């Protein structure tokens, strides 16, 4: 059975990708503008870790079985209902986590590493090419290695990861609903 691509969903993904890329790029540019190397590498590390974490969630949602969450939901386990929604929408959740957030983090970590290299070449007398190769190789190695470890974890512990993610979403939903009630 051939499924039709939902054009509206694709357009939403494109718009969200553009918005998130602008926000993340502006945030990292503002942070990197006036900080030392340690904080610059911390920012770089945060983007690498975010990309890995979202990749783990995206793979977990596609690998998880819905059945255990129905039992949890019947016992009113916090996050179980959100977990079922995540799994029922696994294609969209995976696109958001792996493609939108994961790819954006990869792009921003590349940009961040380029900014760090540019600053380093101005401060120390090392070839730009050598620094570029070293930093790019380290970023790629950490990202790829982290995602490889994360995929194994995501497949083997998908139920736990989806439940934890759903609990985080559940807390977020409750906080925002309280904020919305206060504003009315």
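Exactly one residue among 14, 31 is touching a helix residue (DSSP H, G or I) at 6+ places or on another chain (Cβ under 6 Å), more than 23 Å from residue 168 (Cα to Cα) and without any contact (Cβ under 8 Å) to a residue 40 or more places away in the chain, and that residue is 31. Between 168, 139, 162, the distinction of being within 27 Å of residue 108 (Cβ to Cβ), within 24 Å of the chain's Cα centre (by Cα), modelled with pLDDT of 95 or more and surrounded by 11 or more Cβ atoms within 10 Å (Cβ to Cβ) belongs to 162 only. Annotation for segment 48-64: at least one member residue is within 16 Å of the chain's Cα centre (by Cα), in contact (Cβ under 8 Å) with a residue 60 or more places away in the chain and over 26 Å from residue 10 (Cβ atoms). Can we say residue 69 is surrounded by 20 or more Cβ atoms within 10 Å (Cβ to Cβ), over 22 Å from residue 30 (Cβ atoms) and touching a helix residue (DSSP H, G or I) at 6+ places or on another chain (Cβ under 8 Å)? So residue 69 passes the test.
Here residue 22 does not fit the description of being within 15 Å of residue 103 (Cβ to Cβ), over 18 Å from the mean Cα position of the chain (by Cα) and free of Cβ contacts under 8 Å to residues at least 40 places away in the same chain. Checked against (1) surrounded by fewer than 20 Cβ atoms within 10 Å (Cβ to Cβ); (2) in contact (Cβ under 8 Å) with a residue 40 or more places away in the chain; (3) under 22 Å from residue 119 (Cβ atoms), residue 108 passes all but a single condition, namely (1). The single residue among 78, 68 that is farther than 17 Å from residue 116 by Cβ and not in a helix (DSSP H, G or I) turns out to be 78. Checking each residue in segment 89-102 for being without any contact (Cβ under 8 Å) to a residue 40 or more places away in the chain and in a helix (DSSP H, G or I) picks out 90, 91, 93, 94.
The values are calculated or read from the model by the stated rules, or taken from the named source; none is laboratory data. Everything numeric here is computed off the predicted structure, so don't read it as measured data. Backbone-built Cβ (ideal geometry, glycine too); neighbour counts: all protein chains shown.
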